[in-house]
Protein chains: 10
Amino acid sequence: MMTKADVTTMIRAKMRESKITWAAIAEAAGLSEVFVTSACLGMNSLLPDVAGKVVDFLGLPAEAAIVLSEYPTKDFPRTVPTDPCIYRWYEITGVFGEAFKELVQEKFGDGIMSAIDFDMEVNRVAHEKGDRVQVVMSGKFLPYKSW
Amino acid sequence: MMTKADVTTMIRAKMRESKITWAAIAEAAGLSEVFVTSACLGMNSLLPDVAGKVVDFLGLPAEAAIVLSEYPTKDFPRTVPTDPCIYRWYEITGVFGEAFKELVQEKFGDGIMSAIDFDMEVNRVAHEKGDRVQVVMSGKFLPYKSW
Amino acid sequence: MMTKADVTTMIRAKMRESKITWAAIAEAAGLSEVFVTSACLGMNSLLPDVAGKVVDFLGLPAEAAIVLSEYPTKDFPRTVPTDPCIYRWYEITGVFGEAFKELVQEKFGDGIMSAIDFDMEVNRVAHEKGDRVQVVMSGKFLPYKSW
Amino acid sequence: MMTKADVTTMIRAKMRESKITWAAIAEAAGLSEVFVTSACLGMNSLLPDVAGKVVDFLGLPAEAAIVLSEYPTKDFPRTVPTDPCIYRWYEITGVFGEAFKELVQEKFGDGIMSAIDFDMEVNRVAHEKGDRVQVVMSGKFLPYKSW
Amino acid sequence: MMTKADVTTMIRAKMRESKITWAAIAEAAGLSEVFVTSACLGMNSLLPDVAGKVVDFLGLPAEAAIVLSEYPTKDFPRTVPTDPCIYRWYEITGVFGEAFKELVQEKFGDGIMSAIDFDMEVNRVAHEKGDRVQVVMSGKFLPYKSW
Amino acid sequence: MMTKADVTTMIRAKMRESKITWAAIAEAAGLSEVFVTSACLGMNSLLPDVAGKVVDFLGLPAEAAIVLSEYPTKDFPRTVPTDPCIYRWYEITGVFGEAFKELVQEKFGDGIMSAIDFDMEVNRVAHEKGDRVQVVMSGKFLPYKSW
Amino acid sequence: MMTKADVTTMIRAKMRESKITWAAIAEAAGLSEVFVTSACLGMNSLLPDVAGKVVDFLGLPAEAAIVLSEYPTKDFPRTVPTDPCIYRWYEITGVFGEAFKELVQEKFGDGIMSAIDFDMEVNRVAHEKGDRVQVVMSGKFLPYKSW
Amino acid sequence: MMTKADVTTMIRAKMRESKITWAAIAEAAGLSEVFVTSACLGMNSLLPDVAGKVVDFLGLPAEAAIVLSEYPTKDFPRTVPTDPCIYRWYEITGVFGEAFKELVQEKFGDGIMSAIDFDMEVNRVAHEKGDRVQVVMSGKFLPYKSW
Amino acid sequence: MMTKADVTTMIRAKMRESKITWAAIAEAAGLSEVFVTSACLGMNSLLPDVAGKVVDFLGLPAEAAIVLSEYPTKDFPRTVPTDPCIYRWYEITGVFGEAFKELVQEKFGDGIMSAIDFDMEVNRVAHEKGDRVQVVMSGKFLPYKSW
Amino acid sequence: MMTKADVTTMIRAKMRESKITWAAIAEAAGLSEVFVTSACLGMNSLLPDVAGKVVDFLGLPAEAAIVLSEYPTKDFPRTVPTDPCIYRWYEITGVFGEAFKELVQEKFGDGIMSAIDFDMEVNRVAHEKGDRVQVVMSGKFLPYKSW
């Protein structure tokens, strides 16, 4: 039974072989780079027609589109990531997490930023002292409710 | 010996007592809300003159300014945060961390987003289906080097 | 500086001394038992007027009402709870969690039950073979979104 | 030797192939959706005749019915689940667990809600601000005994 | 506010001072040694009249009886105990746990031995090659139920 | 090279196929149910002649008898077991472990119950309110020694 | 209530103040250095008369002798020790533990070296390339038993 | 590519088949039992000529000698071992580790026993109350140095 | 799809077979030993032409050069390494980490040594009392920035 | 009883008050900055005369010199450090640890770099693209020995 991990391996093989980028796959899908990449890595589902476009673009078997549209189990390492590129973000969570919470509460009241009704982009911003990685995240504010 | 935790408690007591906001403290400091809040929570250091402005604004003892300008040890929970507002960000790291790494590498080459040469803001963005928390982070790209 | 833990201790002392129940405190607050109990244990915030009613009912100092209305940091044990009454619920999460996820997805699509826009009650249901604890939880369905 | 994991894979393959739902399997079994789903996922056993009905309905080999009726080892992740749909329930356990314990004890005395003599349902409840996931759990109260 | 830990310390101080045994306290309580000892260590509650007998026998303040009759939070080390006397039991759980499960299931069907409707005794049994510690535990069988 | 895990799988396959019980295997071995079951699960060794009887009874290959008589490495989960039937015993260790230690010490002096010179049985005891699982364990008392 | 930790602190204070060695305390006790040191650190109990000799030698209050003769709870770090002197021994356990087990089993049969009926000494052995720490441990062999 | 684990399996298969002991392998190697056993288990390297003798004695393929002489990665369980024979040694580390450190420091000064310039033997010592396992370890004292 | 782990295995097989050293591979690559070794072990990427030289030198298939130039996920054990050669470095981090931080801050201000803009060498330094391993690491100082 | 932690606090208080640097304390001690700093932080011992110089220089009480010369227990966080300045070094251990081991073994044979017969310095090296932190560590090579 073809799994999401199988499909990710097929996609990576195509990318290596044909020098395809995530940007190109996202363009074929008609959605953002972050979302499409995460779906191809098995962390989100694509609507069936979007999955079909990705599978067509990459020349994968038809079952791959069904797999890409199935709802994933988001299983990620439970503690501290080790790859520096991902760890730095974890570190930012540790260093600025409490400040983030204080400011969300000050600006909105008691509640949280949704991680479900959420979007994010990653940009390259030119800078004279060295280009910068810019991340813009946005999530609906969800207030706690009394009952 | 007065510690950073002591100063954070003094600041919170003043805020409760006089209904002062983080926004007001940041304005007194002349720096961004995220940075000043994190420094008041003991996670960053303020330059001595900035620390002096904060201490004057809040009416704290002079030693507090020295403490705010000392270099902190950034000690944060080593595993999974539990407060939902902070956890959601940790979850985003888990769900989108690998996609983030793929896109940084595709746009810049092998390397990372710096968590040191870094800035961040938290905004309230009006939205008809419910206002959104927007976070904009930017860090210098640091390429891996061969030698 | 009075903390939420201090207020919880004050409330428990009053309850021991005057044989007050959570049901009575909830009635004084005009909200549900689960929510009010969790707020008195430091896991949720009360609106200022509700906090005032609780403090008046129990005869606590006025600062306690401010503390009850401040936004909490929800800090709970990060791994496996040991008290059997709480552990059983954790066990239910383990045994039925995957089935729960399958059924939510089948009935609603890809998404989750909100733990923020959420309510819950605990009831005693008479039963001839021994009364039963009934828990009714309800949370808004939050669909994952493409972007 | 055919294992419960093998049978779960067979069931999922049939569901993907023939677009069968958990609701349909539960109806074939004549039991509730939550229980039947959890048994198909390997977390509970079915009585032999019920297992037979499921296997007939799905067109699986006869040995699968024996496997479904064998008593499982309920092995689940020992710490914090990561999939958001399951994590939120874990979070509810953390945030409301102590309140739940207080109320069970207040309503029944010292004891627990059984996780064995237990049932549960998951419903979709229409709501104008967005439909809600409703979970109703019920477990026999088990009092601690002196001896 | 007097806690269960405070009462345990008072009891141990009396035992050291007056050379009182757990057997004597259990006799005063009119219950078994295992149960009374566990309650004095804060892991179970005593009925008010039993708590009163213990407090009278040991000459403790009256509030101690209220504390002994309150329902405890059973908080124990989450991983591997280190004291050899307790560790050996943990080791028995590891070595014989699976065999225990197989035999319970073979003799009773799918289900468990209750840890709530439960009793236990610890005896000294004379033996020519060295006396033996005998533990007899008994718990109600709780069958899993379909629904 | 045939391993203990291989032999356990062979035994389970025979039991499923021919509806053989642990009780029958123990009778063939001429030893207790708990010990024989634990040896068949790879947690203890059988003397060569006993191993031979088990292998003959089940119709396994001759090498299986050698494997059953080899000394095992007792490798069990290092933290908290999750299957409820085994977890309850772990919970009993947590709740009553300290009381057990107090009583062993009071009855015998400073020392422990051996987990090596040890035996155990699991019985079904009829009871009008529901049959009970009875466990009787006995281990040699081992006193600590000064030197 | 005086604890074992209190007594250890008293002993260390006397040792610092009067430049007393563990060797001298052991000589006063009339027992080995390893055992007496471990008892003074709270990890073993001394017989009352031995405890009395230690307390007299060091000039401690009489209650200290009672405390030294009480049975300890051997509570030690559950994972990896960090002090290099202790860590090296842990490392030896890791590197040579399996070889040790093989050889014990080859020389004695299935069983273990007792950690209770156990003694140990630490010696300084002169050596031309640098003196060596010699540790001699001896524990009764405990065979596993069938039943 | 043949690994150390492959060679260990080959050695164990030969031992089972031809009833060869570790003592015999050590004699063939001309080194101690502990060292040779640990090398055959993949935790140490043998000099090429010694490895050749072992491989000849056991009749293994020539590549096995190369593998036995390669430098191992000593990878062992990071926390608490569970097999009782190895666990007891870990327990001794926990109970006597601090006393060991005190005595090493008292006899030698600040420093440690080397785990690299180290040797160890395991002996069977006859004793009227039951034979004893004797372990003699010796490691060079390594003093800490100022600089 | 050929992975970095596959390539590492190929490289190790060639090194065993043809007695090639890391020094020789580094010379073929025209880069330092530390960097090239880490890249061959899958922890860094080589520029395509450098990867080509390594692959040519070792006689590996052409796809191996593509794999060596892909950007790795740096996945390493999350807690305490056990091999003594690596553990000692971890121990140095523990013992001297805080001192290192103090001195970096004293010499440079608040900030860190980069682990990305970083180089390192390992040398053998002759010494009359035994040759020494010398490690020289150098990383760009990255100052924390206010904003 | 004055502890090493007490002395560290006294030293930090003097440094804050009188703006004394670690460099100045090291100069007063006549030893290197890294070693003296680590000893003042409680991770190493100073010889009595060196300790006396430090205490005189800082104007601390005489007992502080005794404490500084006592042998420490090197207790450091067992898992992943969080302060970025220390974490980066831990990360280097993870990323380059295996390469380090390969090169030590290639240059010296099977063995390790001592962490006891060890020295280290931290330097500021000017560089046109930003000054660099240079760390030079040197430890005696300790070969594994057969026996």
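The values are calculated or read from the model by the stated rules, or taken from the named source; none is laboratory data. This is a predicted model, so every value here is computed, not measured. Note that each Cβ is placed from the backbone with ideal geometry, even for glycine, and that neighbours are counted across all protein chains shown. Just the protein is used for accessible areas: all its heavy atoms, side chains included, with ligands, DNA and RNA removed. Shrake-Rupley method; radii C 1.70, N 1.55, O 1.52, S 1.80 Å.
Overview of results
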read-out	value
Neighbour-limited loop hits for GluC sites (Glu not before Pro), region I:102-147 (at most 10 other Cβ within 10 Å; DSSP other than H, G, I, E, B)	I:128
At most 13 other Cβ within 10 Å, DSSP loop - trypsin sites (Lys or Arg not before Pro), region F:27-129	F:129
J(HN,Hα) series, region G:24-32, from Karplus relation 6.51 cos²θ - 1.76 cosθ + 1.60, nearest Hz, glycine and proline x	5, 5, 4, 5, 4, 6, x, 10, 6
List F:15, A:10, ordered by accessible area with a 1.4 Å probe, largest first	A:10, F:15
Å² of accessible area per residue within region F:84-143, as computed with a 1.4 Å probe and no ligands counted	29
Nonlocal amide H pairs with residue J:32, under 5 Å, H built at 1.01 Å	H:147
Three semi-axes of the equivalent ellipsoid, the protein assembly as shown, Cα gyration tensor, whole Å, largest first	44, 44, 40
Taking N as its residue count, the alpha carbon Rg of region I:87-138 over 2.2 N^0.38 Å	1.39
GNM top mover of A:58, A:103, A:68 - chain A, alpha-carbon springs below 10 Å	A:103
Under-5 Å amide H pairs with residue C:111, H placed in peptide plane, nonlocal only	C:144
Neighbouring partner chain Cβ atoms per residue of G:18-31, average, 10 Å criterion	1
Distant-in-sequence amide H partners of residue E:117 (H built 1.01 Å from N, under 5 Å)	E:140
For region G:4-69, radius of gyration divided by Kirkwood radius, i.e. Rg to Rh on alpha-carbons	0.90
Solvent-accessible area buried by G and H, counting both chains, probe 1.4 angstrom, square angstrom	6800
Helix D:84-108 axis, angle to chain D major axis (alpha carbon atoms, nearest 10°)	50
Number of partner chain Cβ atoms within 10 Å, mean per residue of C:118-124	6
Accessible surface of region D:33-78 [probe 1.4 Å, protein heavy atoms]: carbon and sulfur percent	57
Residue closest to axis [chain G; rotation mapping onto C; Cβ; Å]	G:79, 7
Using θ = phi - 60° and Karplus 6.51 cos²θ - 1.76 cosθ + 1.60, couplings along region J:115-132 (whole Hz; Gly, Pro as x)	9, 10, 7, 8, 9, 7, 9, 10, 10, 9, 10, 5, 8, 5, 8, x, 4, 10
With DNA, RNA and ligands ignored, accessible area of residue J:147 (1.4 Å probe; Å², nearest 10)	60
Chain H - convex hull of alpha carbons, volume per residue in Å³	180
Cross-link pairs F:140/H:129; H:140/J:74; A:19/I:4; C:53/D:140; B:4/E:4 - those with Cα-Cα distance over 24 Å	C:53/D:140; B:4/E:4
Carbon plus sulfur fraction of accessible area for region B:84-143, probe 1.4 Å, in percent	45
J(HN,Hα) series, region C:55-61, from Karplus relation 6.51 cos²θ - 1.76 cosθ + 1.60, nearest Hz, glycine and proline x	5, 5, 4, 8, x, 9, x
Area of residue J:56 that stays accessible when all protein chains are in place (1.4 Å probe, Å², to 10)	120
Highest-fluctuation residue, D:95, D:36, D:122 considered, GNM on chain D with Cα pairs under 10 Å	D:95
Solvent accessible area, Å² - residue I:127, 1.4 Å probe, full protein context	80
Region B:17-50 residues near the modelled residue B:131 label - backbone nitrogen below 20 Å, point 7 Å along Cα→Cβ	B:19-27, B:32-35, B:37
H:90, J:71, D:144, reordered so the largest accessible area comes first (probe 1.4 Å)	J:71, D:144, H:90
